[in-house]
1. With Arg179, Arg255, Arg189, Arg214 as the choices, which residue is of a type in the set (Lys, Arg) and either assigned to a loop (DSSP other than H, G, I, E, B) or crowded, with 19+ Cβ neighbours inside 10 Å (or both)?
2. Which one is farthest from His182 (Cα to Cα), of the residues in region 113-126 that are buried (at least 16 other Cβ atoms within 10 Å of the Cβ) and among the small types (Gly, Ala, Ser)?
3. Between a residue in region 127-140 that is buried (at least 20 other Cβ atoms within 10 Å of the Cβ) and any residue that is not in a helix (DSSP H, G or I), which pairs come within a Cβ distance under 8 Å, given they are 6 or more apart or on different chains?
4. Please verify whether region 227-241 includes one or more residues that are modelled with pLDDT under 80, in a helix (DSSP H, G or I) and of a type outside the set (Asp, Glu).
5. Find all pairs meeting these conditions: Cβ atoms under 7 angstrom apart; at least six residues apart or on different chains; first residue within region 162-173 and at positive phi; second residue exposed (fewer than 15 other Cβ atoms within 10 Å of the Cβ).
6. With crowded, with 19+ Cβ neighbours inside 10 Å, touching a Leu at 6+ places or on another chain (Cβ under 7 Å) and at pLDDT below 90 as the only criterion, which of Ser83, Ser87 stands out?
7. Determine whether Phe110 is over 17 Å from the mean Cα position of the chain (by Cα), hydrophobic (A, V, I, L, M, F, W, C) and surrounded by 14 or more Cβ atoms within 10 Å (Cβ to Cβ).
8. For region 193-209, does any single residue satisfy the condition of being outside any loop (DSSP other than H, G, I, E, B) and over 30 Å from Ala132 (Cα atoms)?
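The values are calculated or read from the model by the stated rules, or taken from the named source; none is laboratory data. The model shown is predicted, which means the values in this text are computed figures rather than measured ones. Reconstructed Cβ throughout: ideal geometry from the backbone, glycine too, with neighbour counts over all protein chains shown.
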Amino acid sequence: MIELIFGAALVIGLLSLIAGIYGAPSWSMQARINARLHHQRLVDDDPESDSAMAELVFWLAERRLVRGDFKELEPALEASGRSPYQSRVYYFGLCWVVPAIILPVAFVFFSAAAAILTALMAFFVPRRMIRASGAFAEKQQNREAIELCHMTRMLLEAGLSPERSLKLISHQARDLMPRLIHRVDRFNRVMESGADRTVALDELGRNRNITVLRSYVTLMKQSGTLGSRVSVSLDQIIEEAQHEERSKLKEETNRVGAKMTIIMMAFMLPALFMLIGGPAVLSILDTLRN
C-alpha cells in the first residue's frame, strides 16, 4: 500500500513537472495579458509590479484624494524613464511620505507661522521638482530623437525593416541616447509580446511634448501602411528639428543676457557706485568737517 502511494505521488510529481515545463510559456503570456487588463499597460515592465506592495500602490493611486494630482504628474514621471510601478512609488514617497515626516517635525521645532510655511514648501517643492525633471527629460529626448532619425535612416537604407532597425538601435545606441533608449526598449518589448506595430508605435510616441519623436512615429506608421520610402521624409524631420533647436538656443541666449543684466544691476552696479563715488563722498565729508 505504501509503495502504491509512493508510486502515485512520483507519477503525479513527474506529470506536474512536465505540465510546468510545457505550460510555462502560456501561463506567462496569460499573466502578461492580466497585467495589461488590470493595470492598463501593454507589458509588465517591472518584475516587482506583481507583488502585493504593487497592488497596494496601484490601488492607492486610483483613490479620489490623489488620483487627480498623480495624473497631472504622471507624464513627467514617465518622461524620466520610470516604469508605472516606479512612478507611483516615487510619487508617494516624495509627495506624501516626505511631507508627512517633515510636518510634525516642523510644528515641534518651529513657530506656528514657520511650520505652516515649511509644510506648504514640503508639498510644493517635490511637485515642482518632478515637473522640472520631466521637462528636462523631454528636452533631452527631443534632441536624442534627432539621432534616432539619423540612425533609422541609415539602417533603412541598408535594407533593414523598421522593427529590426529599432532592435539594433536598442543594442548599439545606448550611450548615444541614454534617456530615449527606454522608449525604444519598450517598443521592442511590446512587439515581442505580440502587439500590432501601430500599437507599439503609439507607445513609442505617447508623450506629445517630444515633437520630433511624434513626427518620427507618424512617419513610421505611414511607411508601414503605404510602403513608401522614408529617407527623404526623415531628412525633412531632421532639418526641421535642427532649425527648432537653433531657435530655442537663440531664445535661451537672449534670456541669459536679460538675466545677466539683472545680476549686474543688483550686484555689480552698487559696487561700482561705491568704488567711483566713495572717494567723492569721503572728500565731501572731510570738507564739511573742516
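1. Residue meeting the stated conditions: Arg179.
2. Ala115
3. Gly134/Ser80; Ala137/Ser80; Ala137/Gly81; Ala137/Arg179; Glu138/Asn207; Glu138/Asn209; Glu138/Ile210
4. yes
5. Hits for this filter: zero, empty list.
6. Ser87
7. yes
8. yes
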